[in-house]
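To start, the structure under review is shown below, and the notes come after it.
Bear in mind that the values in this text are calculations on the coordinates, not laboratory data. Please read all numbers here as calculations on a predicted model, not as lab measurements. Note: ideal-geometry Cβ built from the backbone for every residue, glycine included; neighbour counts use all protein chains shown.
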Amino acid sequence: MGPTLPLTDPDPQNLLELLWLQAVALQEQGQHPAAIAALERLRLYAVAQKQMEQAQRAVLELIRLYQLLENAAMAQFYAQMASEWLPQVNDTLLAAESLLRVATLAPDIGYYRQGEEMALQALRLYETHGNMQGLCETWLLLFIFHNHTGRYQSAGTYLRQAEQLLQTVDLGTTYRVALLSQNAHWNWYRGELATALRCAEQAVELADATGQQKQRIKNRVVAGNLERALGEYRKAQIWYQQAERLAYGTLFSQFVGWVNVQQAWLAILQEHYGAARKFLHRALQTQKQGQAIAAGVVQAVLYSLTGRTHEATELMQRSLTYYLESGNLVAANTLRLHLAAHWLRRAEPVRAAEGLQSALGWMADQRIDYLPHWWHPPTLTLVCTHALQQGIEAQIAEQILIRHLGALALVSMKPLQTSADPAVRQRAADVLEILESDPLTVLGEALDPPVRAVLADLLTRRRLLPESLNHLTSLLMTAEQRNSPNPTLVAVFGLFVHGVSRKEIAAQLHLSTPTVRNYINHIFKCFELPYDPAERDVRRRQLRARALAAGYIGAEAVEP
């Protein structure tokens, strides 16, 4: 801890300046607790000397430091103080900084509407002053408000403004990392998963290179979430483990609980419900309201999937109230879809229809067909198939099924072909026509280019048979990939079963050889072929014979 300055200087302004310089020096040295103590001394002395603007500057810096340390309670305490003192601030630039600093807390504490209003006030003041740093920071904050409330077009506008500014004014790597991170979120929220992942990986790389510890953790969590959404569960787990290791024993240990929430959802997607409970038990020990609510949603879905209906209903409804009151409409409407699925599992279609009408209606109005939070393909397939069957916002339900649910949608549409209702039969036929016209559709849109190229070649040459690709994809949804198609696994199968070596498969798909070996082991398990190192070639011939008999591959298979 740095030395304590005596509050006895005959010139108050001189002492205020010394206290400020001490706090800055302590921050630069990474001595955050000591810097906080110095700022608190500065605040108290400034108030005693009736230097309210200097006191306000100290308060704003205290808010920033407590945010950095993920101490929301203390950040809120000083934010309340800053708001109360704002009428005494005559410096318009300081007023803008006050508004912006308080507004940055809003996403964490669930006050989106109030936060956005304050950010807009700050923006007008920064525009008057021509303050580039303030403009950039405010645009990035307004992006968050618009993105979380489903206003993706205007969110993108704020993002482009910040991007154009950073191309002309060098504000440092902190803002470049923030821009990459927000670009990842913007593409993720719109369902552009491959692009989002590239942005997140670039943000991780730049944060690592410049030592931005908080961003190193946060962007690894985002990258994990995107790999999870792409069905790459092993890669997602690696990102989460890295984030957890970086957070432990640091100023940012609060992130461990948030990582646990993401790991719990990953476990649910793999139907590892016991593991999900363990992760949630850790995550729910948090004192952070936003994290506790998000963990509660994951727990509610787990309860619904495992038959604890009363607890699921109570938790979902409580969480929905929170998100609606906060204005986080993306989270609220995702939760409405989970509630609808919950009511369908309880055989209460009327209540399910109410939630579906609200959620899908909102998505149709916002022109949204993907939701980033709590994306659970079987649940989405259940509610969208029911909506299509009942004619509830059928257009958006159809769009979600076709664009994002692929193989699962194919399976769910088949029974509707025999419906007594001709309108239902027609809707199912329309979905099936599109899904079956392009075999790659069942694997989703977010295919890596090398995987897409390999699969297109295999299908064109009928080494993989297009007419049975959806069945093959369903078979290869292993324990690690059960609820989402894994295009890479299908591509590995297509190459391996036709005699391509592990090394060449790795080269074609831009994978490591150990990863290819793991995929091949999964493939053998799916075809129920036990491991025997003495009969590697025999086992591959058995795999090919079974695949040929099932109609997954063409008859021109070659010997390895």
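Of the options Leu455, His498, Ala547, report the single residue whose Cα projects farthest towards the positive end of the charge dipole of region 450-549 (beta-carbon charges: Lys, Arg +1; Asp, Glu -1).
In region 450-549, that residue is His498.
Per-residue counts of other Cβ atoms within 10 Å, averaged by peptide: what ranking do you get for 146-154, 422-430, highest first?
So the peptides 146-154, 422-430, ranked by packing, come out 146-154, 422-430.
What residues from region 206-242 fall in the zone where the backbone N is under 18 Å from a label point 7 Å along the Cα-to-C-beta line of His281?
So the set is empty, nothing qualifies.
So how strong a dipole does region 291-432 carry about its Cα centre when Lys and Arg Cβ are +1 and Asp and Glu Cβ are -1, to the nearest 20 debye?
About 280 debye.
Tell me, what are the semi-axes, in whole angstrom and largest first, of the equivalent ellipsoid of the chain as set by the roots of 5 times the Cα gyration tensor eigenvalues?
Square roots of five times the eigenvalues give 50, 27, 21 Å.
Give me the one-decimal nm value for the distance between modelled label points at Ala545 and Arg517, 7 Å along each residue's Cα-to-Cβ direction.
About 2.7 nm separates the two model spin labels.
Could you tell me which residue out of Val538, Met118, Ala312 lies farthest along the dipole of the chain toward its positive end? Charges go on the beta carbon: Lys and Arg +1, Asp and Glu -1, centred on the Cα centre.
In the chain, that residue is Val538.
With the dipole of the chain worked out from charges on the C-beta (+1 for Lys and Arg, -1 for Asp and Glu) around the Cα centre, which of Gln182, Ala23, Leu380 lies farthest toward the positive end?
The residue sitting most towards the positive pole is Leu380.
Rounded if a/c is under 1.5, else prolate if a/b beats b/c, else oblate: with a ≥ b ≥ c from the C-alpha gyration tensor eigenvalues square-rooted, which is region 57-128?
Taking the square roots of the gyration eigenvalues as a ≥ b ≥ c, region 57-128 is oblate.
How big is the dipole moment of the chain about its Cα centre under a simple scheme where the beta carbon of each Lys and Arg is +1, that of each Asp and Glu is -1, and everything else is neutral? Debye, nearest 20, please.
1560 debye
Place a +1 charge on the Cβ of each Lys and Arg in region 157-244 and a -1 charge on the Cβ of each Asp and Glu, then give the dipole magnitude about the Cα centre in debye, rounded to the nearest 20.
Here region 157-244 has a charge dipole of around 180 debye.
How many percent of all Cα-Cα pairs in region 157-248 sit more than 15 Å apart?
Of the Cα pairs, 57 percent sit more than 15 Å apart.
Can you sort Arg282, Arg228 by how many other beta carbons sit within 10 Å, fewest first?
Placing the least packed residue first, the sequence is Arg282, Arg228.
Please give the FRET efficiency for His32 paired with His510, using the beta carbon to beta carbon distance and R0 = 45 Å, rounded to the nearest 0.05.
Once the sixth-power term is evaluated, E becomes 0.60.
Quick one: if you stick a label point 7 Å off each Cα along the C-beta vector at Arg403 and Asp421, how many nm between them?
2.4 nm
Want the number for Glu433 to Leu93: 0.36 nm per residue separation, take away the alpha-carbon distance, what's left?
Using 0.36 nm per residue and subtracting the Cα-Cα distance, I get 116.5 nm.
Test of understanding: ordering Glu348, Glu433 by Cβ neighbours within 10 Å, fewest first, what list do you get?
Glu433, Glu348
Per DSSP H run of n ≥ 4, the term is -39500 (n - 2.57); total these for the chain, divide by its residue number, and report the mean residue ellipticity at 222 nm rounded to 500 deg cm²/dmol.
Using -39500 (n - 2.57) per qualifying helix, the result is -23500 deg cm²/dmol.
Using per-residue counts of other Cβ atoms within 10 Å, averaged over each peptide, order 35-41, 319-325, 270-276 from highest down.
The densest-packed peptide leads the list: 35-41, 319-325, 270-276.
In straight Cα distance, which aspartates and glutamates are under 13 Å from Lys235, not counting same-chain residues fewer than 8 positions off?
Excluding near neighbours in sequence, the set is Glu201, Glu227, Glu480.
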